[in-house]
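Just so it is clear, none of the values below were taken in a lab; they were calculated from the coordinates. All figures in this text were calculated on a predicted structure; none of them were measured in a lab. We place every Cβ from the backbone using ideal geometry, glycine too, and count neighbours over all the protein chains shown.
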């Protein structure tokens, strides 16, 4: 038996800190094969996408600024990877497709192979399909049913056993994020955009309460860790 756990939350919610904390706690038991991964990331395309989201001003545009939907950016001379792709705010469909493409790759190359291992395999993923529904569906006002169909194709229907949502008011989350040196493509959106994202997350949690654990992200880190552990400990695969 394997276990798949996803962490979700808006900007500044602390989901990455908590996903790593759970991963380390599980590893210390010595009983499980724990893999911590993130979206987008941990594949070549996912890493490039994450790089562009964090640094949208990298490189110089190869195509004219009014070229529909996308611009290709040349990587720095020290970077021998494939060219980066920057996602324009006016191209939400392109944004969706890039995230879905990265998700299909991480499922096939990272998540599914680990879950297929022997008893005791655990995958902890920082963001998954629910982020796309929240950000592109509710935030960008795209058709949620269309997003669900795209996600189903990308993941081959693989769903997590538990979704941990670190819930926080957007104003507080953005205040935390801006204190961090790492900004990304979505940080400068207006507060109303982030409010729609939070609404999207809570709506998904309401639709599947048995799978979701909603945690108040304003609690202390230790309190949050314990709340999560109390839920996870009841799901852990039995090992000999």
Please arrange 114, 194 by how many other C-beta atoms lie within 10 Å of their C-beta, fewest to most. 114, 194
How many nm is it between the label spots at residue 192 and residue 114, if each spot is 7 Å from the Cα in line with the beta carbon? 3.9
Given 0.36 nm per residue, what is the gain on full extension from residue 239 to residue 199 after removing their alpha carbon distance, in nm? 10.5 nm
Neighbour-count ranking [beta-carbon atoms within 10 angstrom, fewest first] of 169, 145, 223: 145, 223, 169
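How would 177, 20 line up from fewest to most surrounding beta-carbon atoms within 10 angstrom?
Working: 177 18, 20 15.
Taking fewest neighbouring Cβ atoms as first place, the list is 20, 177.
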